[in-house]
Amino acid sequence: MSDFLADMTNRSHDRLAALLSTTSRDALTAAALASAPPLPLRRIASSFIAIAEVKRASPSLGVLAPGPETDAVAFVVNQATAYARHGAAAVSVLTEPSAFGGDLEHARVAARELRPLGVPVIRKDFLVDPAQVYESRVAGCSGVLIIIRMLKDDMLRAMLEAARACDLFVLLEAFDEQDLARARTVLAHAPHARVATSQATNPSSPPPVLVGLNTRDLETLAVNPYVLSLSSDHFPPGFLRIAESGMHTPQDVRAAASLGYQGVLVGTSLMRSGDPGALLDAMIAAGSEPIAPVVTSSPPSAAPFRTRVKVCGLSSNAQVDAAINAGADAIGLVMVESPRRVGLSFVTETRRRLPVFVQLVLVHRDDAILDPELSDVSPALIRTTYQRDAAAALRHSSPMLDACTIPVLRFGTTSFQSDLAACAPRFHTLLIEGPRSGVGEAVDWHAIAPIARAHRVILAGGLTPDNVGEAIRIVRPFAVDVSSGVESAPGIKDPSKIAAFLNAVRAADAAIATPS
């Protein structure tokens, strides 16, 4: 368990002790079952659902709703009402006080005000005991968040049973494949509805469980969009799948829906929006659009072996769009002297328009963070990765910064072996290229292959649509990085070459997955 989650668990146990010092479990259960019946998830014309979240602060971004504490309840109610009037299937209200500025009273008042609108409130907190589930029902909540990683299997089952006894729906939250495997085991024989429509159409049905996948890394608090695509097939069968964290734009929601998610939980982007109702409308519409089948001449990319692709040195919106449309997993923007150099304004614009499934990598050698927007926030928190020379990466290091830094190791230089020895234990991903960047110098693939077997390697240097397949066959890297290999002139990317490069990568993946 991460330090953050452990701290939240300890604080929740303190609040549980305070609760049970004022009432007994039996009295709490009786009060819960005597309270007003919970509301089912609201399903409108769309089969795609959005759970809209109200949170006054977050540990990663600080205060989201400035203003005196006396205005907190009014703010929560106004925000929740806006969500309810714009199609939210449920409104999630943070009640954790220490890191999120929440309070159970916020959920209580929101539930009371939204009941006439037929919109349920889900309590978002770090619950550790069934007593807190009953407490949620007493407060008027119709659903609760249960975080798999915080609980052992027996307590997880007890929490689900308490929710079922209270007729509360559950958002069961996972962070990775291991969490989802536990969810499959626990839900295999659980008496919970597998579809959220059943409770609305048949009140005698058990309340539904929605299984959410949160893309936030609890160690760094960074959002890793790859989690959604890597883990979607691991969900318990038959339960609604909800994408959580990183849903900033309608395009992000559309991308989640295309991966098979039937809903999203959206918080920060709505809290920061000047018109949260309009943004929520657009997100629900994006998630509800029919998913057209993808027609491509390249081999299928659903093979177990999948090489990620970074297209680096993009310098215009048209080039960025070409990389995204071709299926790139990451794009690189160069901020050092180069024919491909871009400024901060282009970086900011690009970051805001990128789909959640495309990672932004800033390439620079400076020791300082260049983007003024990041002066008080880790770049990991806004889906930005920094690519630096190994020496700079090692010199300017911290656990948070390391998590979003890719050191560049230059094969063929005198410092390569020492850089590898220093960087490999510290950084999760290593980029290996030739002695010089952006000039098409290939490396010895056979020499890199043993390194790629031991570490997560991005292979760069001299890759083209014609040779990348052979490079992948020999090295089996985590990712490949191309720049000059898809250009018609220095700094000028050719969309047809980008597409050909991606097709060659997918063909190589398919050949590895289905050996002759």
For peptides 119-132, 472-485, 312-325, sequence by mean Cβ density within 10 Å, most packed first: 119-132, 472-485, 312-325
On a C-alpha basis, how far is the centre of the stretch 8-31 from the centre of the stretch 76-140 in Å? Whole number, if you could? 18
Reachable lysines from K152, Cα under 24 Å, same-chain residues fewer than 8 places away excluded? K124
Under a cut-off of 21 Å between alpha-carbon atoms, report the lysines in cross-link reach of K310, not counting same-chain residues fewer than 8 places apart. K493, K497
With the 8 Å Cα cutoff and a minimum separation of six or more residues, the stretch 39-288 has a relative contact order in percent of 20
Added length on full extension, which subtracts the Cα-Cα distance from 0.36 nm per residue, R353 to A391: 10.5 nm
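Throughout, read-outs are computed from the coordinates displayed, never taken from laboratory work. Computed from a predicted structure; not experimentally measured. Neighbour counts are summed over all protein chains in view; Cβ atoms, including those assigned to glycine, are modelled from backbone coordinates with ideal geometry.
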